[in-house]
Every structure is written in C-alpha cells, then in structure tokens.
Protein chains: 2
Amino acid sequence: MAKKKKVSLIGSGNWGTVICKILGNNILCNEHLYEKNLPMFVKKELYNGIDLCDIINEKKMNKKYMPHCFIPDNVMASSDLLEVTDRADILVFVLPHQYVREICETLKGHVKNDAIAISLIKGFDVYGNKLDLISNVIRSQLNIPCSVLMGANLAYEVALEMYSEATIGCKDEEVGILMKKLFQTHYFRIVVVDDELTVELGGALKNIVAMGAGFSDGLNGGHNTKSAVIRLGLMEMMSFSKMFFKDSKMSTYFESSGLGDLVTTCYAGRNHRVAKEFASNPQQTLENLEMNLLNGQKLQGPLTAAEVACVLKLHNVEGRFPMFSTIHKICSGEMPVSSFMDCLKNHPEHL
Amino acid sequence: MAKKKKVSLIGSGNWGTVICKILGNNILCNEHLYEKNLPMFVKKELYNGIDLCDIINEKKMNKKYMPHCFIPDNVMASSDLLEVTDRADILVFVLPHQYVREICETLKGHVKNDAIAISLIKGFDVYGNKLDLISNVIRSQLNIPCSVLMGANLAYEVALEMYSEATIGCKDEEVGILMKKLFQTHYFRIVVVDDELTVELGGALKNIVAMGAGFSDGLNGGHNTKSAVIRLGLMEMMSFSKMFFKDSKMSTYFESSGLGDLVTTCYAGRNHRVAKEFASNPQQTLENLEMNLLNGQKLQGPLTAAEVACVLKLHNVEGRFPMFSTIHKICSGEMPVSSFMDCLKNHPEHL
C-alpha cells in the first residue's frame, strides 16, 4: 500500500478558510490516501485580543475572516510555518500574494524533494522591474512543481456550499487527477487542463477588468455596457497573455479560471463593489472606500493594474491596451473616472 | 458618382424600432451614399384602435413596442411589403423568426438581383424535421447574399443610447465595411468577422442558456453558480456548433454575438426574467408567466430548446448536451425545475 500523503495548508484568510473546510472533509473521506490531520498555517494576529490561531483550534471557526464556515476537526491551526509544512507531500498555498516570497524564503531547504505544490493565489509577483507568475516564485524558490487552482469562486458562496466550478492547471496528468480528487466536492466541481500558465493569468488579470465593470455600473452603464466591458477586457487579457507569455493558449480562457471568474468578478466581489461606489461618488478616494467597505480586506484591482501598466509602459505598448491603461490611470488619479466611457467609445476593437 | 443605395427595413417590433432610429439617422448623415427615405414594413395591427403604421408615421413613435424611442423623420412606415422593398439595394430583416418564410414567399421574384440582405433575427428555422439558420432561408428563397448582425443588445438600452457592442458576420469584406458604416454609431459599436455562421449560432442558442440562468437564480444559486451555468452553457453551444455546423469557428464565440450576448441575456432580458419567476414559483406555468410578464412579447428560450432537443434526439446525442436537454424537459413539464441543479452537479465537463 502506498504511503499516506501529508497535506499542508498555508493561509487562513477568507478563501483559505473555505479551502480548509473542503480539504479537511475530503481528507476525512479518504483516510487511506492521506494523513488524517490537516495542518494550517495562520499568520500571527489577534482577534478581539485573542490569538486567531487559538480561536480556530478551539471554536473551529475563523471568526475574523469567514465566521460562518465550519472548520473540520482534523484541521490543526498553527503559526509555526515549519511545523505546519514539516514532511509535507502536498503544499497548498492560499494567502495574499505579497507574502509569497517571505513564506518561500522561510520554507527554502525545508521542503521534501518530491513534494508538490498548488497555488490558489490570484495576482502577480513583481520583483524589481520584472513581473512574474506567483507559481513561478514557488517553483523557483522551492524547486518543486506547482499546479494552480483558479475559478469563479466568491469565497462566501463556496462556504455556503453554493454550486461553483474551478479549474486546475497542471502539466502532469497524474498529479492533475490527484489534485482534482483532493479539491472536488458535490458543490465544488473541477476541470483539469494542462495549461497552468493561462489558468493563472486569468486569475491574475481579471481584477483589473472588475474595476472597469464597477466604473461602468457606477456611471449608469447598462447590461449591454457591462457585457462589452467584460468582453473588451477579456480581449486585452488575451492580448497580454499572447504578448508576454508565449505558451499561453487562448482556448483556456473558456474555462472557469478565464471567462467564468471574469463574469463573477464583474458582477460581484470587492473590486467591482468599491469601483462602483467610487464612480458614483468621485469625491471619495479609492483608499477611503477600501477602508470603509472592505473590513480589512485589500483591493487587488488597482495594484494589478499598476503592475501591468508598468510592464506595458516598459514595452511601449500602452496604446494596444486602452482599457487596462485607462483603469490604471483612473485608479492612480491621473484621469477622472468619467473618461472610462470615452475609452470604451474609442476602443480600437471597433475601428 | 455611384448611385445612391436604397435601404429597406422589414420589421417594427422593439428591436426593429431601435434599428430604424439608428439606420434613419445614419442615412441622414450620409445622404451622398443612400436614398434619404428609409421605408419600414409594419405588420398590420391596431394599437388602441388605431393602425400602428399610422401612429408611427404621425407621432414618430412606436407606441406599442418601444414608446420612448424617437423615430427619425425619414422613416416611412408602411404595411405594404412590396412597396417597402421596391428597388431596395439593402434589405434589413428584423422581425420574429416565425414570419421569415412567409415574408420571403411574398418577396420572391420582387428583389433586385444585386440586392444584399442582413438578418438581425435570433432563432432557428425549422422546416419539417430540419433545423436551419434563418439567414439560409433568406439566402435560398431570395437568392441573394445575407450577412447577420447579433450582439449583447437589450433593445431598450440601445434605445437609450447606452453604450453597446454588436458583431456583424459577413463573408464579403467590402460588404462588411458597408454594413458596419450603416449600423455603427458612437454608442453602438461594431466588429465585423467573416464567420457568418457562428455569429448567427450565438444569437440563436443563447436563449436556451438564459432559461438555465433564470432557473439558477430562482433556485437561489449564487454568482458562482450563474457563472458556471453561463460557461457550461457556452460549452454546449460550442459543441452543438461543431457537431452540426462543421465550418463554425470557436474563436467567434469571443465576440459580442457569442459570450457578450450570452452574459447579457443571462443577467437581464425576458427569458431570464420569466425563468427566474418560474423557478421561484413552480406552481405557475411558463405560459401564464409569459402572458403576465411580457406584454405580448414571446419567450424564445423554450421554443429554441424544443427545436434543439428534437435535433439532439434525432442524432441520439442528448447525453452530450445535458444542460440543453434538461432545460427543454423543464420547459415542457417533463422534469421539475429543481432537477436543474442535479444537471449541474452531474455535468460531464467535471467527470
């Protein structure tokens, strides 16, 4: 009989908490395949003066980030990263992207040679002037393969077991099957594709477009308008992928990680919400709205837009990405939000 | 100087009225290219006891189908089809699809040899056991080329000049440029592609998926769920296109006529609205809801679902289109609406 695999989870935000529920339960249902306990890394922080890690272990709830999600008994929260990942066969990364390098620095040299990773992190890594995929940081720092899981996954809906889809990008077919078994439930349905690259690009780029969809709604655009924002945004996502990541396959944008996630994010989610408020009340700043509306969560759209705009400028191709560029300029205060509609009306797709 | 072209419009429903506004104005701005008057065929009917045709000509408004849309002075409504289309160079078809054969029968032999047509009609033609494209009926009956225009176009939003996109499918590049000039405005933006076939298929098939999106909302599905319905629906639209229309190109589904129209239709529009109500109150019948909610307009989703289901059955491939088949069975009363969620949970995309 094959040795049972140890799964370790790194992250405990809202999505991390939902994922610990899914993984914890799936591990309990497959005890012949996995070590029963699922250690989870929780960044040291207090909630109402009490260590969040202790709350999770005692109350089996993450009162700070996802209070209504029941955490299975086999999840063991800890703030000691090396204890959590000790002897791990499968490392699941689900944390804000700005912490990835720091986490990998700590893990370096402590990960098994034959371990495998999967990243659920949406965003880019920016190091000096270079923009890269988060999974590439994990791969290069830890020297292990890294799959990705992305999709149309508003965390609170998955927590409520509302039917959702996701995409796993994994080059190794066997690993893909293993990962699918680990994550799929009757309400969380998964497609595996071999194009890791485009799965991750979809998850990273969609938050820029979500800001545009919010602007459109705040400026009283209609359903037709939002649909055009989604489609023109997808065209720019695809152009960006083709231009900077040569192996990216356009057909992968038909997956949940592509248009699925894009549609959900443009109708709901924090980026859309804040952008809509901003466009309705432009005397407010994005920073204030982020603080007042998001309960400590971060807005990813403006950051990703800035990172992408920097790359576009460096390569002198801003004109070929008018929506990305305009969204960045609106977020950074260089242009008024009302100019978003002009950007749509003059989009080169229609010339 | 080239002879001025005569444009004739066949149809006067809600979309036809919006299109007569767009065409009328564009013709006035290009009097060197077109004959000034735009004749419009209005089916003989009364509104509050008065001939609708007379109302349109006198009030410059279509009080029955699109009361807030201003009709330009050069639009000349008439219920005499042959008078409207006499000497026409460009025939614009925008009427309910069930009238197309009858209209073409009347037109046969009265159309100029070098006339060209464009169809804005969403739906299929069913003749005996055979399902065909509406544009093929126009092509074969009138023996002239026929382009198509489809997109994310809720009529009342275009009437309000809210920014919208559309796709023209046209095999002839020169005709495509001409058609784009005729239809494009600052708020109605157009992309021309040569794949007429898939543009039309998108417009015809999306109403089936819209019923599914409505069911999902009525059954309290989340944003993630609807996004999955849209994506799985698109997968079935693409499979259907590949299976029954060999020349169809999948990349055309990235156009407004594909995913653009699909997204809009799954969030707004009559099919979504009635399907949502039906799923929330299954003691109601679809027929009653159609009558009570749609003010005389017709629900296209159930009809298209039935037509497509018939073809799938004939070719013994129902199992490969579980969403299309389930939506048809729900609409026809063979299955309860609650079974829609089971269809999602067991969709073969995730097996």
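Quick notes
- Relative contact order (percent, whole number), the range A:7-194, Cα cutoff 8 Å, 6+ residue spacing: 19
- Measuring with a 1.4 angstrom probe and ignoring ligands and nucleic acids, B:Leu219 comes out at about 50 Å² accessible.
- Cleavage-rule hits, GluC sites (Glu not before Pro), the range A:274-351, DSSP coil, Cβ neighbours within 10 Å at most 16: A:Glu334
- When the helices of chain A are scored as -39500 (n - 2.57) per DSSP H run of n ≥ 4 and the total is divided over every residue, the value at 222 nm lands at -14000 deg cm²/dmol.
- For the range B:251-351: rounded, prolate or oblate by the Cα gyration tensor [a/c cutoff 1.5]: oblate
- Sequence-separation-based contact order of the range A:174-254, relative, with Cα cut under 8 Å and 6+ spacing, percent: 36
- Working from label points 7 Å from Cα in the Cα-to-Cβ sense, the A:Ser251 to A:Gln141 distance is 3.4 nm.
- Total formal charge among the other residues, if their Cβ is under 12 angstrom from that of B:Ser78, Lys/Arg +1 and Asp/Glu -1: -3
- Exercise: per-residue mean of other protein chain Cβ atoms within 10 Å, B:342-349: 3
- The contact between chain B and chain A removes approximately 3800 Å² from the accessible area (both sides summed; 1.4 Å probe; ligands, DNA and RNA excluded).
- Solvent-accessible area of A:Lys36 with every protein chain in place, 1.4 Å probe, in Å² to the nearest 10: 110
- Ranked from largest to smallest solvent-accessible area, with a 1.4 Å probe on the protein heavy atoms, B:Cys310, A:Cys343 come out as B:Cys310, A:Cys343.
- Cα shape, the range A:25-175, gyration tensor, a/c 1.5 rule: rounded
- 3J(HN,Hα) from dihedral phi, the range B:81-97, Karplus parametrisation 6.51/-1.76/1.60, rounded to Hz, x for glycine, proline: 4, 6, 5, 4, 9, 4, 6, 5, 9, 10, 9, 9, 9, 8, 8, x, 5
- In Å², nearest 10: area of B:Cys331 left accessible to a 1.4 Å probe: 20
- Nearest-0.05 FRET efficiency for A:Arg87 and B:Val317, computed from C-beta distance (R0 51 Å): 0.55
- Between B:Ala228, B:Ala279, B:Ala204, the Gaussian network model of chain B with springs among Cα atoms under 10 angstrom shows the greatest mean-square fluctuation at B:Ala228.
- Placing B:Tyr47, A:Tyr163, A:Tyr127 in order of accessible area, with the largest value first and a 1.4 Å probe, yields A:Tyr127, B:Tyr47, A:Tyr163.
- For the range B:7-194, the Cβ-based charge dipole about the Cα centre amounts to some 300 debye (Lys, Arg positive; Asp, Glu negative; other atoms uncharged).
- Highest GNM mean-square fluctuation among B:Gln98, B:Gln300, B:Gln284, for chain B modelled with Cα contacts below 10 Å: B:Gln284.
- Simple rule: put +1 on each Lys or Arg Cβ and -1 on each Asp or Glu Cβ in the range A:115-181, find the dipole, and look at A:Ile177, A:Asn143, A:Asn129; the Cα lying farthest toward the positive end is A:Asn129.
- Exposure ranking of A:Leu312, B:Leu351, A:Leu33, B:Leu46 by accessible area [1.4 Å probe, largest first]: B:Leu351, B:Leu46, A:Leu33, A:Leu312
- 0 to 90° range, to nearest 10: angle between helix B:301-314 axis and chain B longest Cα axis: 70
- Restriction of the chymotrypsin sites (Phe, Trp or Tyr not before Pro) in the range B:203-293 to DSSP coil positions whose beta-carbon has at most 15 other beta-carbons within 10 angstrom yields B:Phe245.
- Anisotropy class of chain B from Cα gyration tensor, a/c 1.5 cut: prolate
- Taken about its Cα centre, the range A:272-322 carries a charge dipole of about 140 debye when Lys and Arg each add +1 at the Cβ and Asp and Glu each add -1 at the Cβ.
- Degrees, to the nearest 10: B:322-331 long Cα axis against longest axis of chain B: 80
- Across the identical copies, the label point of B:Val317 (7 Å from Cα in the Cβ direction) is separated from its matches by 3.7 nm, in order from shortest.
- Note: relative contact order over chain B, using C-alpha pairs below 8 Å and six or more positions apart, is 13 percent.
- Extension reserve of the B:Glu334-B:Asp54 stretch, reckoned as 0.36 nm per residue once the Cα distance is removed: 96.3 nm
- Charge-dipole axis of chain B as Lys and Arg at +1 and Asp and Glu at -1 on Cβ define it, positive-most pick from B:Ala155, B:Gly221, B:Ala306: B:Gly221
- DSSP beta bridge pairing in the range B:7-194, given as percent antiparallel to the nearest 5: 30
- Annotation for B:Phe244 and A:Asn37: the two label points, set 7 Å from Cα along the Cα-Cβ direction, are 5.8 nm apart.
- Residues whose amide H falls under 5 Å from that of A:Tyr47, counting only those 5 or more places apart or on a different chain, are A:Leu52, with hydrogens built in the peptide plane.
- For the range A:190-203, Karplus couplings with θ = phi - 60° (6.51, -1.76, 1.60), whole Hz, Gly/Pro x: 10, 10, 9, 10, 8, 8, 3, 3, 6, 4, 5, 4, x, x
- Net length gained if the chain between B:His110 and B:Tyr156 were fully extended (0.36 nm per residue, minus Cα distance): 13.2 nm
The values are calculated or read from the model by the stated rules, or taken from the named source; none is laboratory data. Worth saying up front: this structure is predicted, and the values here are computed from it rather than measured. A quick note on method: Cβ atoms are made from the backbone with ideal geometry, for glycine too, and the neighbour counts reach across all protein chains shown. Ligands, DNA and RNA are excluded from the accessible area calculation, which covers all protein heavy atoms including side chains. Shrake-Rupley method; radii C 1.70, N 1.55, O 1.52, S 1.80 Å.
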